[in-house]
Amino acid sequence: MNNASPASAVSVEVVSVDLLLDRDNTPFTAAGLHADVATHILEHAKHFPVRNNFRINVSVPEQDMVHAEEVQLAIHHHFKTAEIHAARELSEIWRDGRIATMIGLLFMSSLLAIGQLVTSITGDEISRLVTESMTVFGWVSMWRPAELLLYDHWPVRRNRILARQLAKAEVVLTPRHEQAR
């Protein structure tokens with residue numbers, strides 16, 4: 001019995017491998033993946049469950065079949081790099097969330113202390129208004145930390161997992177026979 005789930009297929013049809021690869025705009029020794037192709041693959045892969053295995057079918061002119069290994073390396077390298085960038089972004093979100101939380105808690109504590117001080121000094125309705133205002137401002141100061149720690153990381157986490165899956169995807173080049181016009 002085979003427990004491996006079937007791969008989700010993403011198909012790309014290109015005019016030529018030269019246009020699929022971005023050899024001119026990269027300082028690296030290996031060719032990069034053209035941004036439009038990378039976006040196409042990523043956008044189509046988003047329609048599948050994130051932890052699926054992927055198969056990337058690339059339809060190329062028959063004469064470009066000799067570039068199969070170069071195409072596979074470019075696709076894998078691109079998405080491995082995207083995974084690394086997403087991991088860094090995720091770390092930055094967590095770091096910013098911790099810093100924002102510390103700042104927010106410090107600010108909120110200060111505002112609540114000021115509100116208590118005003119209440120203890122005056123004890124009238126104005127002091128109650130000041131105390132309530134300080135409490136509201138304090139909670140508002142916690143909005144961004146909560147947003148960072150509770151919500152902002154989810155899209156980045158999903159893109160990281162998706163990039164990881166695409167970096168190890170099976171890449172299959174298929175020849176496209178050009179028809180005479």
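If ILE93 meets every condition in (1) in contact (Cβ under 8 Å) with a residue 60 or more places away in the chain; (2) of a type in the set (A, V, I, L, M, F, W, C); (3) closer than 19 Å to LYS46 by Cβ apart from one, which number is that one?
ILE93 satisfies all of (1) in contact (Cβ under 8 Å) with a residue 60 or more places away in the chain; (2) of a type in the set (A, V, I, L, M, F, W, C); (3) closer than 19 Å to LYS46 by Cβ except (3).
Scan ARG164, ARG144, ARG160 and give me the residue that is in a helix (DSSP H, G or I) and surrounded by fewer than 18 Cβ atoms within 10 Å (Cβ to Cβ). I'd like the intermediate steps shown before the answer.
Details: ARG164 fails: surrounded by fewer than 18 Cβ atoms within 10 Å (Cβ to Cβ); ARG160 fails: surrounded by fewer than 18 Cβ atoms within 10 Å (Cβ to Cβ).
So the residue among ARG164, ARG144, ARG160 that is in a helix (DSSP H, G or I) and surrounded by fewer than 18 Cβ atoms within 10 Å (Cβ to Cβ) is ARG144.
Surrounded by fewer than 16 Cβ atoms within 10 Å (Cβ to Cβ), over 30 Å from GLU13 (Cβ atoms) and acidic (Asp, Glu): which single residue out of ASP96, ASP36 fits that description?
ASP96
Every residue, every condition in (1) of a type in the set (S, T, N, Q); (2) in a helix (DSSP H, G or I); (3) surrounded by 14 or more Cβ atoms within 10 Å (Cβ to Cβ), yes or no:
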| residue | (1), (2), (3) |
| --- | --- |
| ASN52 | yes, no, yes |
| ILE56 | no, no, yes |
| VAL60 | no, no, yes |
| ASP64 | no, yes, yes |
| LEU73 | no, yes, yes |
| ALA86 | no, yes, yes |
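Only residues that are in contact (Cβ under 8 Å) with a residue 24 or more places away in the chain and either on the phi > 0 side of the Ramachandran plot or of a type in the set (D, E, K, R) (or both): list them for region 132-181, please.
Selection gives ARG144, ASP152, ARG157, ARG158, ARG160, ARG164, LYS168, GLU170, ARG176, GLU178.
Only one residue in PHE48, PHE79 is modelled with pLDDT of 90 or more, closer than 22 Å to PRO155 by Cα, touching a Lys or Arg at 6+ places or on another chain (Cβ under 9 Å) and crowded, with 16+ Cβ neighbours inside 10 Å, so which one is that?
Only one candidate qualifies: PHE79.
Could you grab the pairs with beta carbons closer than 6 Å, sequence gap of 6+ or different chains, first residue in region 43-67 and at negative phi, second one surrounded by 14 or more Cβ atoms within 10 Å (Cβ to Cβ) and of a type in the set (S, T, N, Q)?
PHE48/SER8; ASN52/SER8; PHE54/SER8; PHE54/GLN165; ASN57/SER11
Can you tell me which condition GLY123 does not meet? The list is (1) touching a strand residue (DSSP E or B) at 6+ places or on another chain (Cβ under 9 Å); (2) not in a helix (DSSP H, G or I), and all the others hold.
It fails just one condition, (1).
The values are calculated or read from the model by the stated rules, or taken from the named source; none is laboratory data. Bear in mind the structure is a predicted one, so any value in this text is a computation, not a measurement. All Cβ positions, glycine included, derive from the backbone under ideal geometry; neighbour counts span all protein chains shown.
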